[in-house]
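What follows is a single structure, written as structure tokens, with notes after it.
The values are calculated or read from the model by the stated rules, or taken from the named source; none is laboratory data. Predicted, not measured: the structure shown is a model, and the values here were computed from it. Virtual Cβ from ideal backbone geometry, glycine too; neighbours counted across all protein chains shown.
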Amino acid sequence: MKGSEGIPALKLTVLNKLIRKFPTAPTMFFSNMFPSQNYDSDNIRWEIEYGSAGMTPFVAPGAPAPAIGLDGVGEASAKAAYFKEKMYFDEEFLNNLREPGTTAKYLTAERQLARGMQKLRNRCDRRREWMMSQMVTQGGFSYLAKGGTRLAVSYGIPESHLVTLAADRQWDDGASKNPVEDIFDAKTTLQDDAGVTPKYAMLNSNLLKLLVLDTDIQALLQKSAFGNGDLFANPSQVIGSLLGVGNIQVYDETFEVTGWLLSNVTGGSSLKSLLTMLLTLKLVVLCALST
């Protein structure tokens, strides 16, 4: 049609919708679980107190009270982990920004700066959340120090609390899988080592589906008050109550993580091993925390 050059709606290709896929900040479950504290130095030190399960002994009447020692106290330290990034803005760039999804309307510099600032803040929050999650699920993490030196911080979680299931015990397709037994073994480990029971159990939606469809769990539910269909209506509450793992937190956040390659990667088995390593997840976390 003559004269349609300046009318976008009359062209063969028309932009008529904008779909935003910017990643938002996660639910911050780990960040909200642990308080934060400011330090005046980049050398962070903290104390670890080890209690005991002892009890007062019997003594003869009139005998002096026996003395007991103080609970053990340890100390750990680490250099602060720095993370930062930036976005590029200058006058010409800001003055000629087009509103996403339009061809003529332009953004003001103030709006674009606000969007950029929010994106940077969300990414910082995600990094802090990732650090907290690594502390709980892996016992620590690695980071870079001045000069490119790679450092690692460990929070002293015992190896017995960081369980990796054998291939035949994995809950998705292991020939000898037994989620109920594995969960109760984890509860026993917490009880024996610290004298506590879990207050939180964290899993993702895929793992929740595996537990809901597990035949052993469904058999237990048939003999309990939850066998009336509540399993599918409120799966996290039902399974949490059935297995005695406290409040189940379904956590589906994903993080884009840049790591270090410790060896050369080639085609074939090496590449397959690398992909297997990247796709391996610790599926369940039991947390026993004081309020």
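A compact table of results
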item	result
Verdict on M55 being modelled with pLDDT of 75 or more, farther than 30 Å from Y143 by Cβ, part of a loop (DSSP other than H, G, I, E, B) and not small (G, A, S)	yes
Count - residues of the range 26-52 that are in a strand (DSSP E or B) and either under 26 Å from E253 (Cβ atoms) or of a type in the set (S, T, N, Q) (or both)	2
From the options E91, E129, residue that is loosely packed, with under 11 Cβ neighbours inside 10 Å and either closer than 30 Å to L220 by Cβ or in contact with a helix residue (DSSP H, G or I) (Cβ under 9 Å, 6 or more places away or on another chain) (or both)	E91
Qualifying residue in the range 68-76 (condition: more than 30 Å from D252 (Cβ to Cβ), surrounded by fewer than 10 Cβ atoms within 10 Å (Cβ to Cβ) and modelled with pLDDT of 80 or more)	yes
Failed item, numbered, when W130 is tested on (1) part of a strand (DSSP E or B); (2) within 16 Å of the chain's Cα centre (by Cα)	(1)
Residues that are over 12 Å from Y82 (Cβ atoms) and either assigned to a loop (DSSP other than H, G, I, E, B) or modelled with pLDDT of 85 or more (or both), drawn from the range 138-148	Q138, G139, G140, F141, S142
Filter result (touching a helix residue (DSSP H, G or I) at 6+ places or on another chain (Cβ under 9 Å) and either among the aromatic types (F, W, Y) or without any contact (Cβ under 8 Å) to a residue 12 or more places away in the chain (or both)) within the range 135-162	F141, Y143, Y155
Tally, over the range 191-218, of residues that are outside any strand (DSSP E or B) and within 11 Å of V245 (Cα to Cα)	3
Contacts under 6 angstrom Cβ, first residue in the range 71-94 being acidic (D, E), partner loosely packed, with under 11 Cβ neighbours inside 10 Å and in a loop (DSSP other than H, G, I, E, B), 6 or more apart	D71/G51
Filtered residue count, the range 164-190, keeping only those that are closer than 23 Å to V238 by Cβ and part of a helix (DSSP H, G or I)	11
Filter result (of a type outside the set (G, A, S) and within 17 Å of R127 (Cα to Cα)) within the range 151-171	L151, V153
